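Here the structure comes first, spelled out in structure tokens, and everything after it is commentary.
The values are calculated or read from the model by the stated rules, or taken from the named source; none is laboratory data. Keep in mind that what you see is a predicted model, and the values were worked out from it rather than measured. Cβ coordinates were reconstructed from backbone atoms using ideal geometry, including for glycine residues, and neighbour counts include every protein chain displayed. Heads up: the accessible areas ignore ligands, DNA and RNA and are worked out on the full protein's heavy atoms, side chains in. Shrake-Rupley method; radii C 1.70, N 1.55, O 1.52, S 1.80 Å.
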Amino acid sequence: MLSADSATNQPNAHVPPPRLGLHDAFWTQAMLFFMRWLPMQVFTLLAYPVSALIYLLAPRPREAVRANLSALNPRTGSSSLAGYQVFLQFALTYLDRLWHLHFRREIDWEIIGKEDFDDLEKHSGGALIFTVHSGNYDIGAGLFARRFDRSIHTVRMPEASDSLKKLRGEELRNEERREPNLHIHYNEPGNHLGMELCRRLLAGDVVCVQGDRVMGDMSPAHASIDGVTYQIPRGPLVLAEVTGVPCFPVFLSRRGRLSYRIEIGKPFFEGGRKAKADEISAAWLKVMHRFLLKHWDQWFVFEPLVTRDPA
């Protein structure tokens, strides 16, 4: 459940990205043109050398990924191969996204935690879903909206360029038309999104937030577990504190081409009472850290967010 063009650091908000840079929609449009004519197997094979090329030519995101992996797993995480695996999985996931959104290829899903999914659906009040940048945020949100008999609101960061904003806007409007329960919000400066999401939660809706990545002007919170310190966004934690709604962990991982797994857990904060953001943060971190240790090659964050504490 992620923005598919986040494989480089976000550019300065006051400096437009260069024409034909990695944040330009030209590359996605070119891929879509060739995907109409070439077999899926060809694009899958091309993802391997193209990912290697981008890995070599993008030093800042490459070193950020290696730093994060090294903090998570000092024995193997800092290797070039480990970093490349993240770039490769990102590319394969991005292809799945394009096949699904533009060519309507069906996704094969495995749901782990069906009872918890049912509990979330039957919950009579508002609820927060916490997730991370793994698998694919867009197709995961569409699946939830399709199988979920409730309104669900998802949050996205602004796109990195005007061309991407136009392309993504068209994609997401089409997705909202197909899935009437799905409502997409952009976290843009000055739009007071936190107040709107709070209102939605108190009205009994479900809101999905990404609890692993600090971007732009987001206020970070620092939380530690097993000698590892994360920077995580403070906004979702404050939202949980203010509303007192239950918080469910939901993780998405890729199993193969057009095949994904959704893992839904019991609430790490059951709600119904006032709790401090730090308490909610500690509970969320335990769940998130356990998932990332297992699926580190699908954690698509390309900024340094994790450090290992000195021994």
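Quick look at the values:
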quantity: For the stretch 101-161, alpha-carbon Rg over 2.2 N^0.38 Å; calculated: 1.27
quantity: At R0 = 35 Å, FRET efficiency that the Cβ-Cβ distance of Lys165 and Arg273 yields, to 0.05; calculated: 0.30
quantity: In Å, descending, principal axis extents of the Cα set of the chain; calculated: 52, 52, 40
quantity: Residue-normalised accessible area of the chain, given per residue in Å² at a 1.4 Å probe; calculated: 47
quantity: Top positive-direction residue, dipole computed over the chain with Cβ charges, set Val42, Ser219, Ile139; calculated: Val42
quantity: Gain on full stretching of the segment that runs from Ser259 to Trp109 - 0.36 nm per residue minus C-alpha separation; calculated: 53.4 nm
quantity: FRET efficiency, 1/(1 + (r/R0)^6) with R0 25 Å, evaluated for Asn174 and Leu56 via beta carbons; calculated: 0.10
quantity: Relative contact order of the stretch 167-311, defined on C-alpha pairs under 8 angstrom at six or more residues apart (%); calculated: 21
quantity: Fraction of beta bridges assigned by DSSP in the chain that are antiparallel (%, nearest 5); calculated: 45
quantity: Neighbour net charge for Phe268 - beta-carbon separation under 15 angstrom, K R +1, D E -1; calculated: -3
quantity: Cβ-defined net charge surrounding Asp226, 12 Å radius [Lys, Arg +1; Asp, Glu -1]; calculated: +2
quantity: If the convex hull is drawn through the Cα atoms of the stretch 218-311, its volume per residue in Å³; calculated: 120
quantity: By average C-beta atoms within 10 angstrom, highest first, the peptides 231-242, 92-103, 28-39, 115-126; calculated: 231-242, 92-103, 115-126, 28-39
quantity: Neighbour net charge for Leu88 - beta-carbon separation under 12 angstrom, K R +1, D E -1; calculated: 0
quantity: Label-point separation, Glu188 to Arg36 (7 Å along Cα→Cβ), nm; calculated: 3.0
quantity: Contour minus Cα-Cα distance for Leu45 and Glu63 (0.36 nm per residue); calculated: 4.0 nm
quantity: Relative pair counts by distance (%), Cα atoms of the stretch 142-238, 5 Å bins; calculated: 2, 11, 19, 20, 20, 15, 8, 3, 1, 0
quantity: Rounded to whole Å, sorted largest first: equivalent-ellipsoid semi-axes of the stretch 13-152, Cα gyration tensor; calculated: 30, 22, 16
quantity: Normalised contact order of the chain, rounded percent, pairs of Cα under 8 Å and 6 or more residues apart; calculated: 26
quantity: The stretch 237-290 - convex hull of alpha carbons, volume per residue in Å³; calculated: 80
quantity: Hydrodynamic radius by Kirkwood, which averages 1/r over all alpha carbon pairs of the stretch 63-221, in angstrom; calculated: 17.6
